[in-house]
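Asks: Let me begin by handing over the structure; questions about it come next.
The values are calculated or read from the model by the stated rules, or taken from the named source; none is laboratory data. Because the structure is a prediction, the values reported are computed rather than measured. All Cβ positions, even for glycine, are placed from backbone atoms using ideal geometry, and neighbour counts span all protein chains on display. Surface areas here come from the heavy atoms of the whole protein model, side chains and all, with no ligands, DNA or RNA. Shrake-Rupley method; radii C 1.70, N 1.55, O 1.52, S 1.80 Å.
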Amino acid sequence: MKYKNLFTPVKIGSVKIKNRFAMAPMGPLGLADAEGGFNQRGIDYYVERAKGGTGLIITGVTFSDCKVETQSMPNCPNSTYNPVHFIRTSREMTERVHAYGSKIFLMMSAGFGRVTIPTNLGEFPPVAPSPIPHRWLDKICRPLEVEEIKSIVKSFGDGAYNAKRAGFDGVEIHAVHEGYLLDQFAISMFNQRTDEYGGSLENRLRFAKEVVEEIKSRCGADFPVALRFSVKSMIKDWREGALPGEVFEEKGRDIAEGLEAAKLLVSYGYDALDTDVGTYDAWWWNHPPMYQEKGLYRPYCKMVKEVVNVPVLCAGRMDNPEMASKSVEDGECDIVSLGRPLLADPDYVNKLRSGRMDEIRPCISCQEGCMGRVQEYSMINCAVNPQAARERVTAYEPVVKAKKVLIAGGGVAGCEAARVLAIRGHKPELFEKTGVLGGNLIPGGMPDFKEDDHALARWYETQLDKLNVPVHLNCEVTKDDVLKGDYDAVIIATGSAPKVFSLGDDAHVYTAADVLNGVKDSQKTTVVIGGGLVGCETALWLAQQGKDVTIVEALDKLMAVNGPLCHANKDMLERLIPYNGIKVMTGAKVTGFSDGVLTAKTAEGTQSVSCDSVILAVGYREENALYHELEFDVPEIYLLGDAKKVSNIMYAIWDAFEVANHI
């Protein structure tokens, strides 16, 4: 086996883990019931990842204390809610996880403090170590009283004791990491206290020290306590984070202090450090979009591993098994944490172990189904896997009688529909007018930072091949083809086409798709019309090639509409635009392009930009003509993907799954 070192056992404290894979903790929104226990959806979600071979499951965050921060958060293992109910629901989950030889840790939090999600804050004032600005709101936080700190510490003991009773193999503390409450106490920028919890590094870590001591005193020295730990903060200033490669003065925790903190934390009794970098002021580090390189935490984990004698866990886009294997071999980490990759494919570990790498569904780091939905809808899901955190309600529906189904269009909607229909026992047949499957994944995946879009297209090719789905490329379906084919059902997923308009010198005006696909050369100097996601990513890709790029946007800011749902992606991309020398003109309406000069009308008057080419990234229009030709002639017909409504990859896949699973 190529990656045998990833399947050797490792111990955290007294607990032996069967392989080097952990499920990284992710927001558990939607996985709890009203009494603070795990609901059936949450139980199924974690058990599915254990069934898939993951050695250690680390749950999403639970609040040990629900009094000081009185917001409603999922799961509560102590007496604030109903500890008996928490134990009962957790026990069902831990017993099922253990059946697969996996271990499971409960993640416990002291609170969010100044980074509390505004939608969860309600009317209660945010708390923090000191009267400092809230991360998102124009509010000053209320400093915690010493009595409140003591009560939170005690709640950790109560919660861990109940977690042990519930069958959890250990706990992970949330965290001297990402700028959450314990981290706010640990960072001098946030902690301006003059009592025993402020001042020196040892004082600032006192809260975290008392937490592990309390847990060990209640649960025993052999009950493992891991810690989520950020070795460096990446803070330039309040609400201002640094970009990769940027030279800046660290205002938060620097590496030297981070390594000293790591040694102290281990001396206090922590049995493992789950290591990364960043804070919510620079949250594209802790929640890395596709614009961050894969394995971005590895050098920092290696630094920590060199100064501590406990296992170090490393997450951060570690889904490349070659990279993961080398990281363990080179001593960068002991355990590889997979978060979003296990949302995309809960069977990742078993597929890797059995040599079925081509069957692993890739995470595309869009964060639309995970972080984005956590922020906007208080529910964790996955853009490319509609069954994530919905395992029971989206189980494949077996068919009694197989139907012959025509699918027009080989983008993600068409491919997902074909895949699901074939799994259920139907007989789908797919027709694609171009020579490749994937639709907009193909141009979208051309930038280096979007490589996983192409990986997803290849995954669909593999799946349809293994499922023996007939795929006809370079074959555009007509109305007659459909009506003569004796099909029981028809799915139209013919996608969308870029919007175009004339500017004058149309010979040098191209669509973003044509430039991305290499059909057209933008040459040295170009203007991208449209500052949405496609326009900004195209501009970034060209600028990284050394092109001189200007974005012209009609609205007053970039990505004002149709931007990424997850703000970590959007915030990072917004900052990468000026960082890469891309010029931006907002509130500008383009009026023409001729003789190498583009003109635009702005509030200040007519502006002009000299350029070799103009790239249109002004949106897409639905291609649904075939559906309207057939809608009254075919008894069972469905319209899916961009052909129904131009949207994102997630809804194309989700809608296709929903329809295909119920035909």
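Asks: Residue 307 versus (1) of a type in the set (A, V, I, L, M, F, W, C); (2) farther than 23 Å from residue 422 by Cα; (3) at pLDDT 95 or above; (4) crowded, with 17+ Cβ neighbours inside 10 Å: which is the lone unmet condition?
Replies: (4)
Asks: Between a first residue in the range 458-475 that is surrounded by fewer than 15 Cβ atoms within 10 Å (Cβ to Cβ) and a second residue that is assigned to a loop (DSSP other than H, G, I, E, B), which pairs have beta carbons less than 6 Å apart while being 6 or more apart in sequence or on different chains?
Replies: Filtered contacts from the range 458-475: 473/432; 473/435; 474/435.
Asks: Another question, if that's okay. Output the qualifying pairs, or none if there are none: Cβ atoms under 7 angstrom, residues six or more apart or on different chains, first residue in the range 364-391 and touching a residue at least 24 places away in the same chain (Cβ under 8 Å) and β-branched (Val, Ile, Thr), second residue assigned to a helix (DSSP H, G or I) and surrounded by fewer than 20 Cβ atoms within 10 Å (Cβ to Cβ).
Replies: Listed pairs, sorted by first residue: none to list.
Asks: Anything in the range 556-583 that is under 25 Å from residue 246 (Cβ atoms), without any contact (Cβ under 8 Å) to a residue 60 or more places away in the chain and within 28 Å of the chain's Cα centre (by Cα)? List them, or say none.
Replies: 557, 558, 559, 563, 570, 574, 577, 578, 580, 581, 582
Asks: Separate question: Taking interchain pairs and intrachain pairs at least six residues apart, which have beta carbon atoms under 7 angstrom, with the first residue in the range 245-260 and within 9 Å of residue 232 (Cβ to Cβ) and the second surrounded by 14 or more Cβ atoms within 10 Å (Cβ to Cβ) and of a type in the set (Asp, Glu)?
Replies: none
Asks: Inside the range 52-82, can you point out the residues that are of a type outside the set (Ser, Thr, Tyr) and at pLDDT 90 or above?
Replies: If the condition is that a residue be of a type outside the set (Ser, Thr, Tyr) and at pLDDT 90 or above, then 52, 53, 55, 56, 57, 58, 60, 61 are the ones that fit.
Asks: Please name all residue pairs, on different chains or six or more residues apart, with Cβ atoms under 6 Å, provided the first residue is in the range 494-516 and is basic (Lys, Arg) and the second residue is modelled with pLDDT of 95 or more and not in a strand (DSSP E or B).
Replies: Correct list of pairs: 499/618.
Asks: Limited to the range 629-657, what total is found for residues that are in a helix (DSSP H, G or I) and either in contact with a Leu (Cβ under 9 Å, 6 or more places away or on another chain) or under 21 Å from residue 554 (Cβ atoms) (or both)?
Replies: Filtering the range 629-657 down to residues in a helix (DSSP H, G or I) leaves 629-630, 641-643, 649-657.
Filter once more, so that each one left must be either in contact with a Leu (Cβ under 9 Å, 6 or more places away or on another chain) or under 21 Å from residue 554 (Cβ atoms) (or both): 630, 643, 649-650, 652, 655-656.
Counting residues in the range 629-657 that are in a helix (DSSP H, G or I) and either in contact with a Leu (Cβ under 9 Å, 6 or more places away or on another chain) or under 21 Å from residue 554 (Cβ atoms) (or both) gives 7.
Asks: May I pose another question? Please go through the range 333-363 and give me each residue that is open to solvent by 30 Å² or more (accessible area, probe 1.4 Å), in contact (Cβ under 8 Å) with a residue 12 or more places away in the chain and either charged (D, E, K, R) or within 23 Å of residue 296 (Cα to Cα) (or both), ordered by number. Before you say what the answer is, go through the steps one by one.
Replies: Taking the range 333-363 first, the residues open to solvent by 30 Å² or more (accessible area, probe 1.4 Å) are 340, 347, 350, 353-359.
Pick out the ones that are also in contact (Cβ under 8 Å) with a residue 12 or more places away in the chain and you get 340, 347, 350, 353, 355, 357-359.
Listed by number, the residues that qualify are 340, 347, 353, 357, 358, 359.
Asks: I've got another one for you. Quick one: in the range 130-177, of everything that is within 30 Å of residue 311 (Cα to Cα) and hydroxyl-bearing (Ser, Thr, Tyr), which residue is least open to solvent (accessible area, probe 1.4 Å)?
Replies: Looking only at the range 130-177, we keep the residues that are within 30 Å of residue 311 (Cα to Cα), and these are 149-177.
With hydroxyl-bearing (Ser, Thr, Tyr) added as a condition, the list becomes 151, 155, 161.
Details: 151: 50, 155: 7, 161: 97 Å².
This residue is 155.
Asks: Residues in the range 316-331: is at least one modelled with pLDDT under 95, open to solvent by 10 Å² or more (accessible area, probe 1.4 Å) and not in a loop (DSSP other than H, G, I, E, B)?
Replies: Within the range 316-331 (the criterion being modelled with pLDDT under 95, open to solvent by 10 Å² or more (accessible area, probe 1.4 Å) and not in a loop (DSSP other than H, G, I, E, B)), the answer is no, since none of the residues qualifies.
Asks: Take the residues of the range 438-454 that are open to solvent by 40 Å² or more (accessible area, probe 1.4 Å) and under 14 Å from residue 289 (Cα atoms): which is nearest to the chain's Cα centre (by Cα)?
Replies: Going through the qualifying residues, I end up with 451.
Asks: Return the residues of the range 178-202 that are open to solvent by less than 30 Å² (accessible area, probe 1.4 Å) and assigned to a helix (DSSP H, G or I); say none if nothing qualifies.
Replies: Matches in the range 178-202: 181, 182, 183, 184, 185, 186, 201.
Asks: Follow-up question, since we're still on this one. Collect the residues in the range 224-233 that are part of a loop (DSSP other than H, G, I, E, B) and open to solvent by less than 10 Å² (accessible area, probe 1.4 Å), keeping them in residue-number order.
Replies: Passing the criteria: 224, 231, 233.
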